[in-house]
Amino acid sequence: MEPSSDSSPSDEVIKRAARLRVEINRANTLYYIENSPEIDDAQWDARMQELLSLEATYPELQTSDSPTQRIGSAPASGFEEVMHRLPMLSLGNVFDEAGLRNWYRRTLAFLEIDHASMVCELKIDGLAIAITYVNGVLDRAATRGDGIRGEDVTTNVRTIRSVPLKLSGDVPSDLELRGEVFLPKSKFASLNSEREQSGLPAYVNPRNSASGSLRQLDSTETAKRPLDMYFYSLGYIDNAVEPKSHSEALDAIKEWGGRVNKWTRNAETVEEVMTAIANASLIRDTLDYDIDGVVIKINSLALQKRLGYVGRDPRWAIAFKFPAERAETTLKAIHVNVGRTGALTPWAELEPVMVGGVTVGRATLHNKDEIARKDLREGDRVIVQRAGDVIPQIVSISSRNERNTQSAPFQFPETCPSCQAITIQSIDEAVTRCVNGACMAQFERLLQHFASRSAMDIEGLGERVAQDLPRLGFVSNIADLYRLHNRRDELLKVDKMGETRVDNLLQAIEASRSQSLPRLLFALGISGVGSESAEWIAHRFRNLTAIQKATEEELLAIDGIGPTIASTLCEYFALEQNQKLVEDLMKLGINPFDQTPKPADEHPVNGMLFVITGKLEIMSRAEAQNQIKELGGKVTSSVSKKTDYVVKGTDPGSKLDKAQQIGIHIIDEGQFRALIGKGVIPVD
């Protein structure tokens, strides 16, 4: 008699299902991780079919780490957004030995040491992913996203055979591992062949294929794609004992059952790193996955924590990018765009050509001086490369170029292509600018910038909508975005908008009201004010009104803010139209305060600048830095006349000498703790 789904499984069936899970998971580990299979495909298929049958009959037998969970599930309506517990940021790039030496020199100088061991790894051209394991079982997987927020792709990652659903051994109870998902080159051609047979467009390169596969809403489709993965680092880890080095971390990941790329090289000098890079370049074409460089990391995790981040890049790692691939094509036309700050930026329309696995149809030309220097003309045969394997640019005119008698130098426009206002070029910069503050093209670019993910994050306000809204009379300044809900019926009549798109846009605009002060300041598009400087300014003044009233002297007192930004910011808020914009935004309720805990105004640390040197005994350097920031102070890595106190720990470095030379107050850890805890100002 066949068992029914209403009956309970016998002990024998429970044991059999458990045994099958163990055997299949072991087979997957041996095949995908250790590359030494014990059973053939037919045996694997037979075990999987038996386990699928048992779990279908007795659903209670299905566990989260069952290999059947790789098959996929019903389509999802979309991906949920998740916050990374630790930033998942990008790497800075160098392109030659001189750049590498400069990075290593800066790193040692920051640490105030003479030497730091390094680890070299292949930079696989795939999709970064963060996978969380709870009690050893895969709990969640998320894409990098913007480094702070990613998308939940757990069901899709479960389908990747080289990703363990359950780790083994002494695994921390709460653990995040990071890695790179990719599509093997050997599988790429066959996948494209299948797509073409189905009438679908072919993928351009394996990376696009991996990205598209991982972001399928139907995970059963992802399961059909031969995705692969290597882990490359620890992310978050609970209170378990952490490894001391990156090398030890990779060994631990392997012991837990994670797949780590076998090509890693330890290096003690830049010369040894360059040898490793040369080796990686030699084997590049023999690998079954694309690589675009080598990642170099400081090996000590303690040193990594001390180094921290600068902007959106870790100081403790750098990517050495291989020379960009080049191709020859025809420069069909030169066009000029107008940016949000009025900058006229030329770009080249090219005859589409494959460069580094990507079809390139346009390239940046930077400015009019660059066009003149290279003597670029429409119709020329040119050499194109992807700078850093990302941004297409024209390197030079081809040696095989032949010009006809009609060929003439490109005439850069003397008036704005959008509003026909006069353009100017300052003596101290190469950029030509439109000086018309009412230029429509500038405003359209500003709208796009304001809505961008790193600014106010208004999904649905892309290039097309940013053009339509002002041209159709819906918005004449940024503040009008927050009045659009009153014109919903009119928006519904706009071509290709539709009820769903309109409502989603209005909801996204409404949600942006809760964005932080640094994001709003960055979103205003003030020339020179990036996301990082916006944070510094917001933390100092804490609200938009105070920022608007700030003087150049007050701005220059902020570490990291130079004369150009200070002057530009003051000039921006001095303009009547910008004053009205700020007033308008405030009336509409868009006036966020800085979200950093506000210090008591009377606390002496508020507004002070600290430098820490040496090792602290009672608290860690990170704890000291956080307490200073929470009280309104700031920590920098170098001593200057603006420094209020240098906190001296054991084994202080050269910062102590400089502080003594220029007369900066030096305090020990005890005095520092009294200052931040009780507000006791140290007495000389």
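The table that follows gives values for the structure above.
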quantity	calculated
Residues of region 657-684 satisfying the condition of being modelled with pLDDT under 80, surrounded by 12 or more Cβ atoms within 10 Å (Cβ to Cβ) and either aromatic (Phe, Trp, Tyr) or not in a helix (DSSP H, G or I) (or both)	679, 680, 681, 682
Condition check for residue 566: over 20 Å from residue 643 (Cα atoms), surrounded by 14 or more Cβ atoms within 10 Å (Cβ to Cβ) and of a type in the set (Gly, Ala, Ser)	no
Only listed residue being β-branched (Val, Ile, Thr), free of Cβ contacts under 8 Å to residues at least 40 places away in the same chain, closer than 23 Å to residue 582 by Cα and surrounded by 14 or more Cβ atoms within 10 Å (Cβ to Cβ), chosen from 502, 529, 475	475
Condition met for residue 424 (in a strand (DSSP E or B), exposed (fewer than 14 other Cβ atoms within 10 Å of the Cβ) and β-branched (Val, Ile, Thr))	yes
Residue satisfying condition, being touching a residue at least 24 places away in the same chain (Cβ under 8 Å) and in contact with a Gly (Cβ under 6 Å, 6 or more places away or on another chain), within set 155, 159, 132	159
Whichever residue in region 366-414 is of a type in the set (Val, Ile, Thr) and part of a loop (DSSP other than H, G, I, E, B) and, among such residues, is farthest from residue 96 (Cα to Cα)	405
The listed residue being charged (D, E, K, R), crowded, with 18+ Cβ neighbours inside 10 Å and out of contact with any Lys or Arg (no Cβ under 7 Å at 6 or more places or on another chain), out of 195, 144	144
Positions within region 144-168 being within 20 Å of the chain's Cα centre (by Cα) and basic (Lys, Arg), in sequence order	144, 149
Residues of region 512-548 classified as within 29 Å of residue 435 (Cβ to Cβ), of a type in the set (D, E, K, R) and in contact with a helix residue (DSSP H, G or I) (Cβ under 8 Å, 6 or more places away or on another chain), total	1
Sole residue being over 21 Å from residue 455 (Cα atoms), touching a Phe, Trp or Tyr at 6+ places or on another chain (Cβ under 7 Å) and among the charged types (D, E, K, R), chosen from 471, 487	487
Filter pass, residue 505 being part of a helix (DSSP H, G or I) and either of a type in the set (Val, Ile, Thr) or out of contact with any Gly (no Cβ under 7 Å at 6 or more places or on another chain) (or both)	no
Options 479, 534; residue that is small (Gly, Ala, Ser) and farther than 30 Å from residue 89 by Cα	479
Residues that are in contact (Cβ under 8 Å) with a residue 40 or more places away in the chain, surrounded by fewer than 23 Cβ atoms within 10 Å (Cβ to Cβ) and either part of a strand (DSSP E or B) or small (Gly, Ala, Ser) (or both), drawn from region 433-451	433, 437, 441
Filter result for the condition that a residue is under 22 Å from residue 256 (Cα atoms), surrounded by 16 or more Cβ atoms within 10 Å (Cβ to Cβ) and touching a helix residue (DSSP H, G or I) at 6+ places or on another chain (Cβ under 7 Å), over 132, 155	155
Candidates 294, 273, 336, 353, filtered to the one that is among the hydrophobic types (A, V, I, L, M, F, W, C), under 26 Å from the mean Cα position of the chain (by Cα) and part of a strand (DSSP E or B)	294
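Conditions (1) closer than 19 Å to residue 26 by Cα; (2) of a type in the set (A, V, I, L, M, F, W, C); (3) touching a Phe, Trp or Tyr at 6+ places or on another chain (Cβ under 9 Å); (4) not assigned by TED's automatic domain parsing to the domain that holds residue 223, marked per residue:
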| residue | (1), (2), (3), (4) |
| --- | --- |
| 129 | no, yes, no, no |
| 136 | yes, no, yes, no |
| 139 | no, no, yes, no |
| 151 | no, no, yes, no |
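The values are calculated or read from the model by the stated rules, or taken from the named source; none is laboratory data. Quantities reported herein were computed from a predicted structural model and do not represent experimental measurements. Virtual Cβ from ideal backbone geometry, glycine too; neighbours counted across all protein chains shown.
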